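Each reported figure results from applying straightforward, stated rules to the coordinates on display, with no laboratory input. Everything quoted here is computed from the prediction, not taken from an experiment. Counting neighbours? That spans all protein chains shown, and the Cβs are built from the backbone with ideal geometry, glycine included.
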Amino acid sequence: MSLHIVPHGETTVHIKRGLQAYGSADHVQLLTSEKFQSVGNELAEELTEFGYNVEIDLIDAFDLRDVVDTVVSVARENPDQEIYVNITGGTNLMAGAATASAFFIGATPYYVLEPQTGEESVDDLVKKLPSPTQPLNFEIEGLQLEVLETLGKWDDEGRKGVILREIGEELSESSQKISYHVSQLEEKGLVETEMEGRTKHVYVTDVGRLYLQWTSHE
């Protein structure tokens, strides 16, 4: 069976079309903004009557990280489900964040077109996007993971652009060893660095934050 994660706004007909196209769907997770909470509640009642298991997550439609974190959290809570993400509805930011999250967690994103002639079948209107997965095609462990987790913790605290010496002092490791692992993380797209004079500053990327969110067991 499958789980469909669905951001939405005022219009919901695309949600029903998408679910029709995937007959095996049994669980629907609606991502609803405060503005359209009543729409989400009405839709949830309607879908429940048709036999779907429906849950609602209230999100900030203009906060990319909130949307991404919600999608990733839903996926983590349903590890055995085949996951689809309907990217048709909601704000452009919601759609973009949902698409990026789907690629990251290995879900299948799809888009529902508007009928043009009225003769199209539901299957004709639902377009599945290719879904490459990144960065879950590799694992990070040992000191490299400790470096990333330390940077992630500091990033959450608002401490950004730290230098190698600070990381080394925190982990009781030499700057040379930290530099090697930062370079490896940068190649994977999980961190980025900027030089200010002779000093290298390290930042967690959005992909790095996603990786930490997805792999966290806390």
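Scanning the chain for DSSP H helices at least 15 Å long along the axis (C-alpha atoms) with a Kyte-Doolittle mean no lower than -0.5 picks out 64-77, 92-105, 142-156. Need one number: the % of Cα-Cα pairs in the chain sitting beyond the 22 Å mark. Result for the distance tail: 55 percent. Taking 0.36 nm per residue of separation and subtracting the Cα-Cα distance, full extension of the segment from E169 to E119 would add 11.4 nm. For L148, L171, the sequence from fewest to most other C-beta atoms within 10 Å is L171, L148. Please state the relative contact order of the chain as a whole percent: Cα pairs under 8 Å, 6+ residues apart? Relative contact order of the chain: 17 percent.
Maximal additional length on extending the N92-D60 stretch stands at 10.3 nm, based on 0.36 nm per residue less the C-alpha distance. Filter the GluC sites (Glu not before Pro) in the range 43-119 down to the DSSP loop ones having no more than 15 other Cβ atoms within 10 Å, then list what survives. Of the GluC sites (Glu not before Pro), the ones in loops of the range 43-119 whose Cβ has at most 15 other Cβ atoms within 10 Å are E119. Would you work out if the range 142-215 is rounded, prolate or oblate? Take a ≥ b ≥ c from the square roots of the eigenvalues of the alpha-carbon gyration tensor; rounded if a/c is under 1.5, else prolate when a/b is larger than b/c, oblate otherwise. Rounded shape, in that the Cα axes give a/c under 1.5. Here the relative contact order of the range 142-215, from alpha carbon pairs under 8 Å that lie six or more residues apart, stands at 35 percent. Look at the alpha carbon pairs under 8 Å that are at least 6 residues apart: their mean separation over the length of the range 2-128 gives a relative contact order of 29 percent.
Could you work out which residue, out of G168, G152, G40, moves most in a Gaussian network model of the chain, that is, has the largest mean-square fluctuation with Cα springs under 10 Å? Of G168, G152, G40, the Gaussian network model singles out G168 as fluctuating most. Once the Cα-Cα distance is subtracted from the 0.36 nm per residue extended length, the N53 to E186 segment shows a gain of 43.8 nm. With the helix formula -39500 (n - 2.57) applied to DSSP H stretches of n ≥ 4, the chain reaches a computed 222 nm mean residue ellipticity of -14000 deg cm²/dmol.
Select from L145, H201, Y211 the residue farthest towards the positive end of the dipole of the chain; place +1 on Cβ of Lys and Arg, -1 on Cβ of Asp and Glu, and compute about the Cα centre. Sorting the options by dipole projection puts first H201.
Could you pull out which residues in the range 12-26 have an amide N less than 13 Å from a spot 7 Å beyond the Cα of E42, following the Cα-Cβ vector? In the range 12-26, the label zone of E42 (backbone N under 13 Å from the point 7 Å along Cα→Cβ) covers 12-13.
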